[in-house]
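The values are calculated or read from the model by the stated rules, or taken from the named source; none is laboratory data. What you see is a predicted model, and the numbers here were worked out from it, not measured in a lab. Glycine also receives a Cβ, built like all others from the backbone with ideal geometry; neighbour counts cover every protein chain displayed. What goes into the accessible areas is simple: the full protein's heavy atoms, side chains included, and nothing from ligands, DNA or RNA. Shrake-Rupley method; radii C 1.70, N 1.55, O 1.52, S 1.80 Å.
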Amino acid sequence: AEAALANGADIIILNINTLRGKTPLSEQDIQQLVEAAHIKNKRLYVAPPMIAHEGQTENIKRWLQTAKEAKADGIMAGNIGIFQLAKEAGWLNICADYTMNIFNDLTIKQLIGEEAVQVTLSPELNLRQIDDFSFIGNVPVEVIVHGNFPLMISEQCVCGSVLGDRSSKNKCTMPCQKGHYGLKDRMGMIFPLEMDNQCRMYVYNSKGLNLYKRLNDLLNSGVDVIRLEAK
């Protein structure tokens, strides 16, 4: 977040989900980053975890309140449940993230009806499909142009099951904290794995996304925000 601010980003999306082996963000961290952004007249949005069970709802509510007290500029919601929790918490600036699977005008229309202030299109869309959107212009539209992000999030952790002796009777030995792992496909491509503090497994693409050479075409299509994914 500090590097993004130092290099001219207008909007910072702060993911509060913690991967294994990474230092979790504290409430003080969020406060300091919001203040640093506002000093530069930039905006900071907080992104709660993309998946949360009922038992974790109170934790999400606490983070939403923490972000509000820190005077963050908005919430980046990864699913409709988080979107609803943010509305109930009194947030007015709620953005719909790419995990909402925004593939067509009907989805954007529905999200506008839910009062989304910005939408992030699915990274699976091609430029021709983006050009075909008629709702571009009615709400700010964001496109991810660089980085790597999860292709899949799974409650079943391969590392824990195969290497960590995890079962209904045994606790996982946490091999994820002792090395780096990936899944190899039949073509020999390796898809990196990460685990979060809820022991969910994140499968990343073997190759990062890079649309630098298509930036002008994307901007000419009418999109409003270009996003870099960093972790």
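Below are the figures for this structure:
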item: Pairwise label distance in nanometres, Glu88 with Asp217, each label 7 Å out on the Cα-Cβ vector; result: 4.4 nm
item: Links that overshoot a 27 Å alpha carbon limit, given the list Lys68/Lys213; Lys22/Lys61; Lys61/Lys207; result: Lys68/Lys213; Lys61/Lys207
item: Fraction of alpha-carbon pairs over 22 Å apart in the chain - percent; result: 58 percent
item: Where the chain is the region considered: accessible area per residue in Å², 1.4 Å probe; result: 57 Å²
item: Two-site label geometry, Ala36 and Thr23: point separation in nm, points 7 Å out along Cα→Cβ; result: 1.1 nm
item: Distance (nanometres) between label positions extended 7 Å along Cα→Cβ at Asn197 and Ile16; result: 1.1 nm
item: All-pairs alpha carbon distance profile, region 98-231, 5 Å steps from 0, percent; result: 2, 9, 17, 16, 14, 13, 11, 9, 7, 3, 1, 0
item: Peptides ranked, highest mean first, by Cβ atoms within 10 Å: ranges 7-16, 175-184; result: 7-16, 175-184
item: Amide H contacts under 5 Å for Tyr181, placed H, 5+ residues apart; result: Leu193
